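This is the structure, below, for whatever I ask next.
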Amino acid sequence: MYYVVLLNTVTVIVSAIPTWTQTPYDTVAVNGGSAEMKCALSNLVPPSLPKWYDTSGSSHRQVSSGTAVITHQCPTCIITGTHSDGEYHLKMDPVSVTDDGTWKCTVGNAHPQSQEATLIILDESPICITEGAIGSNYEVITGTGVTLKCDLNKAAPPGELMWTENGQDTNHKGDRPMSWLITITKAKKDDRYNCKYSHSSMSIYPQCNRDIIFDVQCKYVYYIGPTCCYLKGRCSSRRV
């Protein structure tokens, strides 16, 4: 946008300073998924259009200018948004672990000139482990307390780990690592437990690779028979 100012017989054209309307924010994405970093300004006039840089290394790597992407610098990058509204968002699809770092949008005549944010790429799903269950089948005696633990292989921007039960969110959530002590009974033998990581910038939340389903065993008590001894459970019995 321009303003025309008349000074006696001299006409001076003054352009409005670009104003930030959307700025990039810390974002988390999953390796192989997609990520979008926001950048939008009002009063944009060519040639002063946004440029995107990867500033993670010692030198700033420019990946775009206006709508043009420098493909050899970022072959999976595209510029999205409604450009007539000043939107020049940087989308990476797919992202990889090499995209992990700090990204900056710059407009030379804006104030401030640049806005930047961190992009973190999760290269593994959350990790779910149990304490108190036995083996890969999660064998446990009914009535036993089991600790479910969930963690990430790397720190991420403030987000949340949350345990789910049968696909439903629970109130057991918080920072990494996240633990939940539960008592497993026969009534829970078909219940499915998992843990997911959520962040405000994500639309799909990664979770552990498989559900935890406990193999709930009966309590056994010793009985002395005529020839030997055996264990008899509430649900079954067996010789020992």
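Quick check on segment 103-124: of everything there that is touching a residue at least 60 places away in the same chain (Cβ under 8 Å) and among the β-branched types (Val, Ile, Thr), which residue is farthest from residue 204 (Cα to Cα)?
Filtering first and then ranking leaves 107.
Might you let me know whether segment 83-91 holds any residue that is outside the structural domain of residue 185 (by TED's automatic domain parsing), in a loop (DSSP other than H, G, I, E, B) and surrounded by 15 or more Cβ atoms within 10 Å (Cβ to Cβ)? It would help to see each step written out before you state the result.
First, the residues of segment 83-91 that are outside the structural domain of residue 185 (by TED's automatic domain parsing): 83-91.
Next, from what is left, pick out any that are in a loop (DSSP other than H, G, I, E, B): 86, 88.
Going one step further and asking which of them are surrounded by 15 or more Cβ atoms within 10 Å (Cβ to Cβ), we end up with 86, 88.
Looking through segment 83-91, at least one residue is outside the structural domain of residue 185 (by TED's automatic domain parsing), in a loop (DSSP other than H, G, I, E, B) and surrounded by 15 or more Cβ atoms within 10 Å (Cβ to Cβ).
To continue, here is another question. Considering (1) within 30 Å of residue 189 (Cβ to Cβ); (2) assigned to a strand (DSSP E or B), say which one residue 117 fails and leave the rest.
Residue 117 satisfies every listed condition except (1).
Return only the number of the condition from (1) over 30 Å from residue 96 (Cβ atoms); (2) buried (at least 16 other Cβ atoms within 10 Å of the Cβ) that residue 183 does not satisfy.
Evaluating residue 183 over (1) over 30 Å from residue 96 (Cβ atoms); (2) buried (at least 16 other Cβ atoms within 10 Å of the Cβ) leaves (2) as the failure.
In segment 175-210, how many are outside any strand (DSSP E or B) and closer than 17 Å to residue 151 by Cβ?
Initially, segment 175-210 is screened for residues outside any strand (DSSP E or B), giving 175-177, 185-192, 199-206, 208-210.
Those left that are additionally closer than 17 Å to residue 151 by Cβ: 175-177, 199, 205-206, 208-210.
Matching residues across segment 175-210 total 9.
Among the numbered conditions (1) modelled with pLDDT under 95; (2) touching a strand residue (DSSP E or B) at 6+ places or on another chain (Cβ under 6 Å), tell me where residue 10 comes up short.
Looking at each condition in turn, residue 10 falls short on (2).
Taking the residues in segment 127-156 that are part of a loop (DSSP other than H, G, I, E, B) and either in the same structural domain as residue 95 (by TED's automatic domain parsing) or hydrophobic (A, V, I, L, M, F, W, C) (or both) as candidates, determine which candidate is nearest to the chain's Cα centre (by Cα). I'd like the intermediate steps shown before the answer.
Of all residues in segment 127-156, those part of a loop (DSSP other than H, G, I, E, B) come to 132-133, 135-138, 142-143, 152-156.
If we keep only those that are either in the same structural domain as residue 95 (by TED's automatic domain parsing) or hydrophobic (A, V, I, L, M, F, W, C) (or both) too, we end up with 133, 152, 155-156.
Values: 133: 29, 152: 10, 155: 11, 156: 8 Å.
Result: 156.
Go over the candidates 125, 136, 114 one by one and state the one that is small (Gly, Ala, Ser) and closer than 20 Å to residue 37 by Cα. Please lay out each step first, then the result.
On the way: 125 fails: closer than 20 Å to residue 37 by Cα; 136 fails: closer than 20 Å to residue 37 by Cα.
When all the criteria are applied, what remains is 114.
On to the next question. Against the definition (within 21 Å of the chain's Cα centre (by Cα), in the same structural domain as residue 20 (by TED's automatic domain parsing), of a type outside the set (Asp, Glu) and surrounded by 14 or more Cβ atoms within 10 Å (Cβ to Cβ)), how does residue 159 come out, yes or no? Step through it out loud before you land on a result.
Numbers: within 21 Å of the chain's Cα centre (by Cα): yes; in the same structural domain as residue 20 (by TED's automatic domain parsing): no; of a type outside the set (Asp, Glu): yes; surrounded by 14 or more Cβ atoms within 10 Å (Cβ to Cβ): yes.
The answer is no for residue 159.
Within segment 189-204, can you find the residues that are surrounded by 19 or more Cβ atoms within 10 Å (Cβ to Cβ) and either free of Cβ contacts under 8 Å to residues at least 24 places away in the same chain or farther than 18 Å from residue 122 by Cα (or both)?
Across segment 189-204, the qualifying residue is only 193.
Conditions (1) crowded, with 16+ Cβ neighbours inside 10 Å; (2) closer than 22 Å to residue 120 by Cβ; (3) aromatic (Phe, Trp, Tyr), marked per residue:
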{"residue": "30", "(1), (2), (3)": "yes, yes, no"}
{"residue": "38", "(1), (2), (3)": "yes, yes, no"}
{"residue": "45", "(1), (2), (3)": "no, no, no"}
{"residue": "64", "(1), (2), (3)": "yes, yes, no"}
{"residue": "75", "(1), (2), (3)": "no, yes, no"}
{"residue": "96", "(1), (2), (3)": "no, yes, no"}
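Here is a check on your reading of the model: is residue 112 modelled with pLDDT of 95 or more and part of a loop (DSSP other than H, G, I, E, B)?
Numbers: modelled with pLDDT of 95 or more: yes; part of a loop (DSSP other than H, G, I, E, B): yes.
Considered against the rule, which asks whether it is modelled with pLDDT of 95 or more and part of a loop (DSSP other than H, G, I, E, B), residue 112 comes out as yes.
Quick check on residue 164: is it crowded, with 18+ Cβ neighbours inside 10 Å, at pLDDT 95 or above and either within 30 Å of residue 23 (Cβ to Cβ) or not assigned by TED's automatic domain parsing to the domain that holds residue 23 (or both)? Walk me through it before giving the result.
Numbers: crowded, with 18+ Cβ neighbours inside 10 Å: yes; at pLDDT 95 or above: yes; either within 30 Å of residue 23 (Cβ to Cβ) or not assigned by TED's automatic domain parsing to the domain that holds residue 23 (or both): yes.
For residue 164, the condition - crowded, with 18+ Cβ neighbours inside 10 Å, at pLDDT 95 or above and either within 30 Å of residue 23 (Cβ to Cβ) or not assigned by TED's automatic domain parsing to the domain that holds residue 23 (or both) - is met.
The values are calculated or read from the model by the stated rules, or taken from the named source; none is laboratory data. Nothing here was measured: the structure is a model prediction, and the numbers come from that model. Here the Cβ is made from the backbone with ideal geometry for all residues, glycine too, and neighbour counts use every protein chain on show.
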